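**Student:** Here's a structure for you.
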Amino acid sequence: MNVLVLNCGSSSLKAAIIDDVTGERRGRVRVERIGEPEAALFDADGPAVPCAAKDHGEALAAALPVLERARGGAPIDGVGHRVVHGGARFSQPTRVDESVLEAIAALTPLAPLHNPANLAGIIAALRAFPDVPHVAVFDTAFHATLPPRARSYAIDLELAKKHGVRRYGFHGTSHAFVAARAAAFLGAKPGDLRLISCHLGNGASVCAIEFGRSVETSMGMTPLEGLVMGTRSGDIDVGAALHVARAEGLDLDGLDALLNKKSGLAGLSGVGNDMRDIEDRAAAGDERARLAIHVFCHRVRKYIGAYAAVLGAVDAILFTGGIGQNSAVVRHKIAHNLQLFGATLDEDENRSARASAARPVIRISTDTSRTHLLAVATDEEHAIAGETAKLVARRDEVAQRSIPIAVSARHIHLRKETVEQLFGPGHELTPLKELSQPGQFACEEVLEIVGPKRSIAGVRVLGPVRPADQVEVSRTDEFFLGLDAPVRDSGDVRGTPGVTLVGPKGSVTLKEGVICARRHIHMAPEDAARFGVADGDVVEVAVDSSGRDLTFGDVLVRVSPKYRLEMHVDTDEANAAELVPKHAGLLELTQGTATPLRRVLR
Ligand code: ADP
């Protein structure tokens, strides 16, 4: 599939069209400084081109023609959106709808910089691509499995609950992606491995992955906690932060900026946040740069030790992100002398290892190392494309297996003679409305049904006329009228009770003809071939209604080239299943059987 992946920051938009399987880019654009007069567009790694982009909508509008040219007319099958914070609600990539938009907006207090930007990108893209599925992929989702002991802060529980204060973790898409890549490289399933994944980029986090599930991670309620990062302090005694704030007269925003924007490698080194520059300065003898690298690496090593204890055993330690994939110095400082859990760094391999799309996984441990050390290339956009494609494919599969449902109210079919007795000689039925089955129509004519106990007025006649009179009612109607009609296939009226019909020009007492129509599915031969059923089969159909899984058993399949795919249930059944007209739309067929429809009887 071709997936458009969007990653929106507060003043930037990155868009790429990605093949979900290979990760190949069919166009890549970046717009920076959105909202400023200096807004600029970069086509792939080309030079900056000034562009007018007051907001994310305009940025996307500027980016789309460039992508359009790059993809050469290939359709876009889905749009994947990176969303930073999914809170406690989102533990999976999720199809975007109205309620998802509202939920992402409601999570803004947890990610005040990121979620509004993510949301602006989604809204702009929904306008640009209203007809393709949009999927939100959350940085936090992979960590939904953190156990309470790992996700809880030791503060007043009520206060924590009230404000959503807990550890959520981030970089989940990357940790999950590199874990899967590493597992494939090792010839194992992620579910069989205990891994420690170190994502070391501008933002940095460690994650302990136990048999495919995140059980510990170093970022917390916000991305500030944990490792030393480009400009974030990572772990710091809150008392120290308060002390600095008091001593320097910083307000909360000032403290926020200090810890998020002016700390970390930049704060320690004094030469900015780029590890390449810091390494160069350190090599040239700069003490602050050296200290920055030492603190950075020591923090990672400390976490690895802690997470090894959390996991009990470690099959592999993964290094990813710009620093983890490329910096031999950093990997050496972190991973030398880890004999404690049998990990031996291969210094030669480490020195030359640069994990990239061309060589996504490189082993940097010796052949005899019990714990593998791997440099693994991450690709969050590819991961988002993959997750999006998975959801799009699932939706298509459900659509393939779905049957529209129609609720049939009580109604009457008449012979030509009966029409004349009730409405006068020579009377022809007057079509009011076409019905979904070709050739069938509801008539303007209505009748009163008079049963032994009570009567029901205003019952619609359906056309055209038929060879036999037939009155189709629900179970509730039967009780009301005071008769006992069997469940029958339409047309099978032998031995059924009769009833009196009263029309404007006369009444007719039928000797037989009242049935409670059996649930049935009309389908054309092509549908029958697709579902693997034949005319006369009796099947089960599952319906997801009001969040409950319900199964309609004993559903008759009726196949004819005249029919359009539709299942008919009566009003009682529709009420019991809480089907509402709109939702009534789709039925999913019984799952978990060899054929989608389970054949009960022939
Ligand atoms: P982000 O978190 O913004 O996605 P990246 O994963 O691209 O960041 O990582 C950026 C960091 O990787 C920068 O600090 C950069 O200096 C560092 N980096 C990239 N290449 C190298 C290299 N060859 N040696 C050391 N550090 C590198």
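The values are calculated or read from the model by the stated rules, or taken from the named source; none is laboratory data. Because the structure is a prediction, the values reported are computed rather than measured. We place every Cβ from the backbone using ideal geometry, glycine too, and count neighbours over all the protein chains shown.
**Student:** Identify all residues within region 274-304 that are part of a loop (DSSP other than H, G, I, E, B) and either more than 12 Å from the ligand (Cβ to nearest atom) or surrounded by 21 or more Cβ atoms within 10 Å (Cβ to Cβ) (or both); write none if there are none.
**Tutor:** Ala284, Gly285, Asp286
**Student:** Just one of Ala485, Ala457 is closer than 27 Å to Pro425 by Cβ and either modelled with pLDDT under 95 or in contact with a strand residue (DSSP E or B) (Cβ under 6 Å, 6 or more places away or on another chain) (or both); which is it?
**Tutor:** Step by step, each of Ala485, Ala457 is checked, and only Ala457 is closer than 27 Å to Pro425 by Cβ and either modelled with pLDDT under 95 or in contact with a strand residue (DSSP E or B) (Cβ under 6 Å, 6 or more places away or on another chain) (or both).
**Student:** Considering only residues that are within 16 Å of the ligand (Cβ to nearest atom) and surrounded by fewer than 22 Cβ atoms within 10 Å (Cβ to Cβ), which ones fall in region 333-348?
**Tutor:** Answer for region 333-348, where residues must be within 16 Å of the ligand (Cβ to nearest atom) and surrounded by fewer than 22 Cβ atoms within 10 Å (Cβ to Cβ): just Lys333.
**Student:** Moving to a separate point now. List pairs: first residue in region 134-159 and touching a residue at least 24 places away in the same chain (Cβ under 8 Å), second residue in a helix (DSSP H, G or I) and of a type in the set (Phe, Trp, Tyr) anywhere in the structure, Cβ distance under 9 angstrom, at least six positions apart or on different chains.
**Tutor:** none
**Student:** Go through region 456-490 and report how many residues are among the hydroxyl-bearing types (Ser, Thr, Tyr) and closer than 18 Å to Phe423 by Cβ.
**Tutor:** Number of matching residues: 0.
**Student:** Kindly indicate whether any position in region 312-332 is away from the ligand (no atom under 16 Å from the Cβ) and free of Cβ contacts under 8 Å to residues at least 40 places away in the same chain.
**Tutor:** No - not one qualifying residue is present in region 312-332.
**Student:** So, one more: Before we move on, is Ala208 more than 26 Å from His294 (Cα to Cα) and buried (at least 16 other Cβ atoms within 10 Å of the Cβ)?
**Tutor:** Here the answer is no, as Ala208 does not meet what is asked.
**Student:** Taking into account only those residues within region 396-418 that are among the polar types (S, T, N, Q) and surrounded by 13 or more Cβ atoms within 10 Å (Cβ to Cβ), which is modelled with the lowest pLDDT?
**Tutor:** Ranking the candidates gives Ser402 first.
**Student:** What single numbered condition from (1) aromatic (Phe, Trp, Tyr); (2) within 16 Å of the ligand (Cβ to nearest atom); (3) assigned to a helix (DSSP H, G or I); (4) within 23 Å of Ala383 (Cβ to Cβ) fails to hold for Tyr307?
**Tutor:** (2)
**Student:** Go through region 434-457 residue by residue and tally those that are within 48 Å of the chain's Cα centre (by Cα), small (Gly, Ala, Ser) and more than 21 Å from Ser490 (Cα to Cα).
**Tutor:** 0
**Student:** Also, I was wondering about something else. Spot the failing condition for Gly57; the list is (1) surrounded by fewer than 22 Cβ atoms within 10 Å (Cβ to Cβ); (2) under 25 Å from Gly172 (Cα atoms), and only one is missed.
**Tutor:** (2)
**Student:** Then there's this: Wholly within region 87-177, which helices (runs of 4 or more DSSP H) include no fewer than the required count, namely at least 1 residues that are modelled with pLDDT under 95?
**Tutor:** Once the helices (runs of 4 or more DSSP H) in region 87-177 are filtered for at least 1 residues that are modelled with pLDDT under 95, what remains is 98-106, 114-128, 157-163.
**Student:** If the requirement is being buried (at least 16 other Cβ atoms within 10 Å of the Cβ), of a type in the set (Gly, Ala, Ser) and touching an Asp or Glu at 6+ places or on another chain (Cβ under 6 Å), which of these qualifies: Ala176, Ala150?
**Tutor:** Testing whether each residue is buried (at least 16 other Cβ atoms within 10 Å of the Cβ), of a type in the set (Gly, Ala, Ser) and touching an Asp or Glu at 6+ places or on another chain (Cβ under 6 Å) leaves just Ala150.
**Student:** A follow-up question, please. It is to be established whether one or more residues within region 248-268 are free of Cβ contacts under 8 Å to residues at least 12 places away in the same chain and within 16 Å of the ligand (Cβ to nearest atom).
**Tutor:** no
**Student:** Something else about it: Which pairs have Cβ atoms under 7 Å, sit 6 or more apart or on different chains, and link a residue in region 422-445 that is more than 17 Å from Lys505 (Cα to Cα) and in contact (Cβ under 8 Å) with a residue 24 or more places away in the chain to one that is of a type in the set (Asp, Glu) and surrounded by 15 or more Cβ atoms within 10 Å (Cβ to Cβ)?
**Tutor:** Listed pairs, sorted by first residue: Ser436/Glu566.
**Student:** Can you name every residue in region 379-416 that is farther than 15 Å from Met1 by Cα, within 16 Å of the ligand (Cβ to nearest atom) and in contact with a Lys or Arg (Cβ under 8 Å, 6 or more places away or on another chain)?
**Tutor:** Across region 379-416, the qualifying residue is only Glu380.
**Student:** Based on this model, can you work out whether Ser352 counts as of a type in the set (S, T, N, Q) and within 16 Å of the ligand (Cβ to nearest atom)?
**Tutor:** Taking the combined requirement at face value, the residue satisfies it.
**Student:** For Gln440, are the conditions met, namely being modelled with pLDDT of 95 or more, surrounded by fewer than 21 Cβ atoms within 10 Å (Cβ to Cβ) and of a type in the set (S, T, N, Q)?
**Tutor:** The answer is no for Gln440.
Conditions tested, residue by residue: (1) touching a residue at least 24 places away in the same chain (Cβ under 8 Å); (2) surrounded by fewer than 14 Cβ atoms within 10 Å (Cβ to Cβ); (3) on the phi > 0 side of the Ramachandran plot; (4) more than 50 Å from the chain's Cα centre (by Cα).
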| position | (1), (2), (3), (4) |
| --- | --- |
| Pro467 | yes, yes, no, yes |
| Ser474 | yes, no, no, no |
| Asp527 | yes, no, no, no |
| Gly536 | yes, yes, yes, no |
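**Student:** On to the next question. In this structure, is Phe170 aromatic (Phe, Trp, Tyr), within 16 Å of the ligand (Cβ to nearest atom) and out of contact with any strand residue (DSSP E or B) (no Cβ under 7 Å at 6 or more places or on another chain)?
**Tutor:** So Phe170 does not fit the description; no.
**Student:** So is Gly226 under 30 Å from the mean Cα position of the chain (by Cα), buried (at least 16 other Cβ atoms within 10 Å of the Cβ) and either at pLDDT 95 or above or among the aliphatic types (A, V, I, L, M) (or both) or not?
**Tutor:** yes
**Student:** Can you name the condition, by its number, that Ala245 falls short on among (1) in a helix (DSSP H, G or I); (2) loosely packed, with under 13 Cβ neighbours inside 10 Å; (3) away from the ligand (no atom under 14 Å from the Cβ)?
**Tutor:** Tallying (1) in a helix (DSSP H, G or I); (2) loosely packed, with under 13 Cβ neighbours inside 10 Å; (3) away from the ligand (no atom under 14 Å from the Cβ), Ala245 fails exactly one: (2).
**Student:** Another one. Scan region 186-231 for residues that are hydroxyl-bearing (Ser, Thr, Tyr), touching a residue at least 40 places away in the same chain (Cβ under 8 Å) and within 11 Å of the ligand (Cβ to nearest atom) and jot them down.
**Tutor:** Result: Thr231, single match.
**Student:** In addition: Among the residues of region 91-111, write down those that are over 13 Å from Gly164 (Cβ atoms) and of a type outside the set (D, E, K, R).
**Tutor:** Of everything in region 91-111, those that are over 13 Å from Gly164 (Cβ atoms) and of a type outside the set (D, E, K, R) turn out to be Ser91, Gln92, Pro93, Thr94, Val96, Ser99, Val100, Leu101, Ile104, Ala105.
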